[in-house]
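Working notes, structure below.
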Amino acid sequence: MTAREANFDGLIGPTHNYGGLSDGNLASARNEGLVSSPREGVLEGLAKMKRLADAGLVQGLLPPHERPFLPLLRRAGFSGSDSHVIETAWQQAPGLVRKASSASPMWAANAATVSPSADTADRRLHFTPANLLTTLHRSIEGRQTQRALSWAFADSTRFAVHDPLPMQADFADEGAANHVRLCAEQGGEGVEIFVYGRTADENWAGSFPARQTLEASQAVARSHGLDPKRCVFLRQSQAAIDAGAFHNDVVCVGTRTTLFFHELAFENRQAALDAIRRAADGLFEPDFVEVAQCDVPIGDAITSYLFNSQLLEWPGERRLALIAPKETQETQSTRDYCADMVAGNGPIGRVEYVDVRQSMRNGGGPACLRLRVTLTDEEFSAVTPTALMTDALYVELTTWAHRHYRERLAPGELGDPALLSESRAALDSLTEILRLGSDFYPFQRV
Ligand code: SUG
């Protein structure tokens, strides 16, 4: 069966801001309170999507969520008209308004875990939206993500969109950011690698939260109907989490048979690599591209986001291309590493740098912004057409962004009822552009 990898990027929403909301995410903490540019953010994201689409790759998108999310404020006891809710919440609980206003659904690598149909027992493509329960501002994403996936992948004979896992700490799940699939051919059976930070009943003693449990990963693997002998469950190293790798995709990325990772990514490196080799036995020989701590210290890996790159099969190129953030070029150790790597004859033959600074300041690199979905030709034909990037959609969305997004958004403006109505106007208009239906967003259902 032939298949190709598509990337579905999260469209950056109109309230993109720097709330300092994610413990353990160093960029989020460092940039708390900066003035953001939602317009620049959405345009950077769209430019990245366009770059891939122009190269002939399949590029899709997932719509932003409704923010500020008034249902959260109402659940916290604020009542009255929508503008009254936002104003009183801003006076009494500004931190809660910040959490209800984050544009965090842009990081689509956390939207869901995805298993291609070649790996699943019922031969459907499976999605489990992540519950993201470790942080309040992200815990409100799962249901809307489920709705977005059900819109883009509506054909239930080919696609299975599950419920998020139960909202309980035993099942802490952050989606594809802690999941890597390796394979010989995209359409063939693969090995699914699940990386977790802690188990459900241990006493976690790290300085930062471990956001994924083994039990969550196991539950996802079971409900996707994966073959246990092709699944690998690896523990993320505490050193990596303590250094700021709040998701595994900050220190590891893989495509086809190549796994590109930092020496300190996994708790027991040798056992981890052996386990991957065993799971791949009979299918392919993994190509491990391991970056040594002496070449790129873990601190540099995290500030530069070297591994939070998209590792892509680029049309017309024999070796893989690494689409890395500009910050990787600006950090000497990672720039030097990349230059040496492409000069060698390993599986990664080219590095291209993209500017996604608005997202990077919140700890989201090129790979955070996208959800990978491997599609057979038949599945590709069944994707909702307006979820796929085209030249015309790109033009329409850039015009839309210029019309509806603020150039600047200061932290003190999040309680402005005008921001609420502007965001809703933007989403109403997007609903028409993408043909999302009349009740896609909660505010459209009341
Ligand atoms: O969950 N940042 C996100 C970044 C997610 C990156 N995704 C991957 N690595 N796949 C997070 O920590 C910060 C929001 C703020 O501080 O305003 C935030 O949610």
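Since every read-out is calculated from the coordinates, none of them should be taken as a lab result. The shown structure was predicted, so the numbers you read here are calculated from the model rather than taken from an experiment. All Cβ positions, even for glycine, are placed from backbone atoms using ideal geometry, and neighbour counts span all protein chains on display.
Worth a mention:
- C-alpha long axis of helix 38-54 to longest principal axis of the chain, angle in °: 40
- Segments 392-399, 185-192, 328-335, 129-136 sorted - mean Cβ within 10 Å per residue, highest first: 129-136, 185-192, 328-335, 392-399
- Net charge over other residues, Cβ less than 12 angstrom from the Cβ of residue 424 (K, R count +1; D, E count -1): -3
- Cα-based convex hull, the range 252-386, per residue volume (Å³, whole number): 147
- Comparing 216, 108, 426 in a Gaussian network model of the chain (Cα springs below 10 Å), the most mobile by mean-square fluctuation is 426.
- Restricting the calculation to Cα atoms, every distinct pair contributes to the Kirkwood radius of the range 71-113, found to be 11.4 Å.
- Coupling constants for the range 349-355 follow from the phi torsions by the Karplus curve (6.51 cos²θ - 1.76 cosθ + 1.60, θ = phi - 60°), and in residue order they are x, 7, 10, 10, 9, 10, 9 Hz; glycine and proline get x.
- Here the Karplus relation 6.51 cos²θ - 1.76 cosθ + 1.60, evaluated at θ = phi - 60°, turns the backbone of the range 14-26 into coupling constants of x, 9, 3, 8, 10, x, x, 9, 10, 4, x, 9, 5 Hz, with x for every Gly and Pro.
- Near residue 300: Cβ cut-off under 12 Å, other residues only, Lys/Arg at +1 and Asp/Glu at -1. The net charge is -3.
- Counting only alpha carbon atoms, the long axis of helix 214-223 and the longest principal axis of the chain meet at about 90°.
- Distances between placed amide hydrogens fall under 5 Å for residue 309 paired with 367, all partners being 5 or more residues away or on another chain.
- Between 0 and 90°, nearest 10: helix 332-343 axis offset from the chain longest Cα axis: 50
- When the alpha-carbon atoms of the range 165-215 are used, the pair Rg, Dmax equals 13.6, 41 angstrom.
- Here the range 366-446 is treated as a Stokes sphere of Kirkwood radius computed over C-alpha pairs; at 25 °C and 0.890 mPa s its diffusion coefficient rounds to 161 µm²/s.
- Springs between Cα atoms under 10 Å define the GNM used for the chain, and in it the highest mean-square fluctuation of 25, 203, 17 occurs at 203.
- Under 12 Å, Cβ to Cβ, from residue 320 - net charge with Lys/Arg +1 and Asp/Glu -1: -1
- Spatially proximal aspartates and glutamates relative to residue 229 (Cα-Cα < 20 Å; intrachain offsets below 8 disregarded): 119, 122, 185, 189, 192, 215, 274, 281, 285, 287
- Eligible lysines near residue 50 by straight Cα distance, threshold 25 Å, same-chain separation 8 or greater: 326
- Built amide H within the under 5 Å cut-off of residue 289, gap 5+: 259, 260, 261
- With Cα atoms as the point set, the range 20-109 shows a radius of gyration and Dmax of 16.5, 50 Å.
- Bridge type composition, the chain - antiparallel percent by DSSP, nearest 5: 50
- Of 200, 271, 219, the residue with the greatest mean-square motion in the GNM of the chain, using alpha carbon springs below 10 Å, is 271.
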